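Enquirer: What follows is a single structure, and I will ask about it in a moment.
The values are calculated or read from the model by the stated rules, or taken from the named source; none is laboratory data. From a predicted model like this one, the values you see are computed outputs, not experimental measurements. A quick note on method: Cβ atoms are made from the backbone with ideal geometry, for glycine too, and the neighbour counts reach across all protein chains shown. Quick note on the areas: whole protein, heavy atoms, side chains included, nothing else; ligands and nucleic acids left out. Shrake-Rupley method; radii C 1.70, N 1.55, O 1.52, S 1.80 Å.
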Amino acid sequence: MIYFDNAATTLQKPPAVAEAVLEALQSLGNAGRGAHEPTLKAARVIYDTRVKLAKLLGAADPSRIAFTCNATEALNSVLQRLFAPGDHVLTTVCEHNSVLRPLYLAKTNGVEVTHLQADALGRIDYADLEKNLRPQTKAVVITHASNLTGNVTDLDLVADFTHQHGLLLVVDASQTAGCLPVDVTKTGIDILCFTGHKGLMGPQGTGGVYVRPGLAPRPFKVGGSGVHSFLTTHPDKMPTALEAGTLNGHGIAGLNAALDFLLATGVEKIHAHEEMLMRRFVQGVQALPEVKLYGDYQAAERAAIVSLNIGTLDSGAVSDILWEDYQICVRAGAHCAPLLHRHFGTEQQGAVRFSFGCFNTAAEVDAAVTAVREIALQYAQENRD
Amino acid sequence: MRLKRLYMIITFATTTEAMAAEKFCLEHDIGGRLIPVPQEISAGCGLAWRMLPEDFALLERQRSQWSFAVEECREIMM
């Protein structure tokens, strides 16, 4: 089997991840819910994971990172209560539903949202930020990399804009945390949401949000906190403010082990490998008959994602052939990115997404190129006859 | 039965601060351990760092390096 669905979740992870989860299942209590050794062990693992995430993401204070069960929860935890009626938010058509839907929900509460458009290659025009700025604009909410095209947002440029106008910069790093270098302090990111099970190579059910010092989040989820039990309101200190209820200590222990691997290997090195695979695949398929790629493949910086279609073939049918005939795992369909599919005119067809990971090899890429070539040539032949 | 003696009790606003304090004390060879917050300080739940007054004096001397915030410090016989 060849696994090229790393943008959905990484399947191949450092072996220490599973070992850490098993060890955690057998030894961790509930963090912050007592002072006996198993509960303290859980709290130590979770704290140590915060420290490692802070190091990876360039955050000076680990307590500014709250754990969530995924990027969607992280985005909801900030987007649902960040804005007031009358506020205006700038976002893009490149966003995943985990950004789009919380903002649609905010719209029902009187928040106005502008989606910046993309060009034929799925790139936004950064000048549109300025053109769509209003006196009521409060924030730019933007993905670091599209989960459909792999196009990467120039966060330095967007941060310059938000800083210049006193706006918040909220970044969805679902496709980049662990895959591309991210430095929240150097870039000046106010809020960064990430998942633990993709590039960070932790277990599913892990994720988190960085909130810069000085910014007070208003939790959308309240409940048990392990501290101040007699308060009628949820504690407002980070990270407790955004961590109501028992944390996924077992999953976070796995994420901790994954972070050890990432920090020892280096995100730059992992990115270089994944980029090599992605560009090798593009080189192999871009000139094939009837193959259409979506995204900007001339860009200097890209996520290791390639989406394509073969003629008018249903993307689901192509993915099924890739699995059944070649044992290659890819993702088909709309990828929860409806506005970008509408933009590309692929609402019905969807797209076949190949996403490469740290443990993929050049030989696997070559096998995928062969598979796409055979499917494309067969399609071309059938449509010629 | 434990013999009562005087301890310095430090409390924190979050479990994360308690963890940071424990890490700091261990790294700087300062004695003490995490315990449930005593009722004399706060009803409910949470963690406190319990230490001997002489260890607290050592911790105090390194206040500028603290990587954690404390909510309250109080001497208690326990």
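Enquirer: Semi-axes of the stretch A:15-265's equivalent ellipsoid from the Cα gyration tensor, sqrt of 5 times each eigenvalue, largest first, rounded to whole Å?
Expert: Taking √(5λ) for each eigenvalue gives 32, 21, 14 Å, largest first.
Enquirer: What average count of beta carbons from other chains do you get within 10 Å of the Cβ of residues in A:30-37?
Expert: For this peptide, the per-residue mean of nearby foreign Cβ atoms is 4.
Enquirer: Tell me, what is the per residue accessible area of the stretch A:15-265 in Å², probe radius 1.4 Å?
Expert: So the stretch A:15-265 comes to 38 Å² accessible per residue, rounded to a whole number.
Enquirer: Compute, for A:Trp323, the solvent-accessible surface of its heavy atoms (probe 1.4 Å) with the complete set of protein chains present, and express it in square angstrom to the nearest 10.
Expert: 120
Enquirer: Okay, next question. In debye to the nearest 20, how big a dipole does the stretch A:266-384 give about its Cα centre with +1 on each Lys and Arg Cβ and -1 on each Asp and Glu Cβ?
Expert: Value, rounded to 20: 260 debye.
Enquirer: Of the peptides B:51-57, A:329-335, how do they stack up when ordered by the mean number of other Cβ atoms within 10 Å, highest first?
Expert: Averaged packing, sorted descending, gives the order A:329-335, B:51-57.
Enquirer: A plus B alone minus the pair: what accessible area, both sides summed, probe 1.4 Å, in Å² to 100?
Expert: 1500
Enquirer: Let me ask something else about it. Pull up the cross-link candidates among the aspartates and glutamates for A:Lys221, meaning alpha carbon to alpha carbon under 15 Å and not fewer than 8 places away within one chain.
Expert: Reachable aspartates and glutamates: A:Glu73, A:Asp236, A:Glu243.
Enquirer: Something else: What would the Debye equation give as log₁₀ I(q)/I(0) for the stretch A:266-384 at q = 0.10, 0.11 Å⁻¹, counting only Cα atoms as equal point scatterers?
Expert: Treating every Cα as an identical point scatterer, log10 I(q)/I(0) equals -0.29, -0.35.
Enquirer: Same structure again: Could you do me a favour and compute the accessible area per residue for the stretch B:1-52, 1.4 Å probe, result in Å²?
Expert: Accessible surface, normalised per residue, equals 49 Å².
Enquirer: Keeping the other protein chains in place, figure out the carbon and sulfur percent of the accessible area of the protein assembly as shown, with a 1.4 Å probe.
Expert: 52
Enquirer: Here's a follow-up. Where in the stretch B:13-31 does accessible area fall by at least 40 Å² between the isolated chain and the complete protein assembly, at a 1.4 Å probe radius?
Expert: B:Ala13, B:Thr14, B:Thr15, B:Thr16, B:Met19, B:Glu22, B:Lys23
Enquirer: Working from the pairwise distances between different alpha carbons, so that the mean of 1/r is found and then inverted, what is the stretch A:1-132's Kirkwood radius in Å?
Expert: Evaluated on the stretch A:1-132, it is 18.5 Å.
Enquirer: Between A:Gln26 and A:Asn132, what is the FRET efficiency for a Förster distance of 60 Å, r being their Cβ-Cβ separation, to the nearest 0.05?
Expert: The computed FRET efficiency comes out at 0.65.
Enquirer: Dipole of chain A, Cα-centred, from +1 at each Lys and Arg C-beta and -1 at each Asp and Glu C-beta, to the nearest 20 debye?
Expert: My answer is approximately 1140 debye.
Enquirer: Another question, then. Rounded to the nearest 10 degrees, what's the angle between the helix A:37-57 long axis and the longest principal axis of chain A, both from Cα atoms, 0 to 90?
Expert: Long axis of A:37-57 versus the principal axis of chain A: about 50 degrees.
Enquirer: Could you tell me how far the Cα centroid of the stretch A:348-367 sits from the Cα centroid of chain B, in Å?
Expert: 52
Enquirer: Considering only A:Pro338, A:Pro217, A:Pro289, give the residue with the highest GNM mean-square fluctuation for chain A, with springs between Cα atoms whenever their separation is below 10 Å.
Expert: A:Pro289
Enquirer: Shielding of A:42-49 by partners, i.e. mean partner chain Cβ atoms within 10 Å per residue?
Expert: 3
Enquirer: Keeping all protein chains in place, calculate the accessible area per residue for the stretch A:266-384 (probe 1.4 angstrom), answer in Å².
Expert: With the other protein chains kept in place, the stretch A:266-384 gives 44 Å² per residue.
Enquirer: Another one. Over all residues in A:235-243, what is the mean tally of Cβ atoms on other chains that come within 10 Å of each residue's Cβ?
Expert: Across A:235-243, the average partner-chain Cβ count within 10 Å equals 3.
Enquirer: Separate question: Of A:Ala371, A:Gly345, A:Gly333, whose Cα points farthest to the positive end of the dipole of the stretch A:266-384 (charges on the beta-carbon: +1 Lys, Arg; -1 Asp, Glu; origin at the Cα centre)?
Expert: Checking the options against the dipole of the stretch A:266-384, the answer is A:Gly345.
Enquirer: How do the peptides A:48-61, A:125-138 rank, highest first, by the average count of neighbouring beta carbon atoms within 10 Å per residue?
Expert: Packing order, densest peptide first, comes out as A:48-61, A:125-138.
Enquirer: Excluding same-chain residues fewer than 8 positions from B:Lys23, which lysines have a Cα within less than 19 Å of its Cα?
Expert: Within the straight-line cut-off, B:Lys23 pairs with A:Lys41, A:Lys52, A:Lys55.
Enquirer: Can you tell me which lysines have their Cα less than 23 Å from the Cα of A:Lys131? Leave out same-chain residues fewer than eight positions away.
Expert: Hits, sequence-local ones excluded: A:Lys107.
Enquirer: Which order do the peptides A:98-108, A:2-12 take when ranked by the mean count of other beta-carbon atoms within 10 Å per residue, highest first?
Expert: Highest to lowest by the protection proxy: A:2-12, A:98-108.
Enquirer: Ok, one more. In 10 Å bins starting at 0, how do the alpha-carbon pair distances of the stretch B:6-77 split up by percent?
Expert: Binned Cα distances yield the sequence 22, 60, 17, 0.
Enquirer: Continuing with this model, one more query. Taking accessible area as the heavy-atom solvent-accessible surface of the protein chains with a 1.4 Å probe, which residues of the stretch A:54-77 lose no less than 10 Å² upon going from the isolated chain to the full protein assembly?
Expert: Output list: A:Ser63.
Enquirer: Tell me, what is a quarter of the convex hull surface for the C-alpha atoms of the protein assembly as shown, in nm² with one decimal?
Expert: In nm², the orientation-averaged hull projection of the protein assembly as shown is 24.3.
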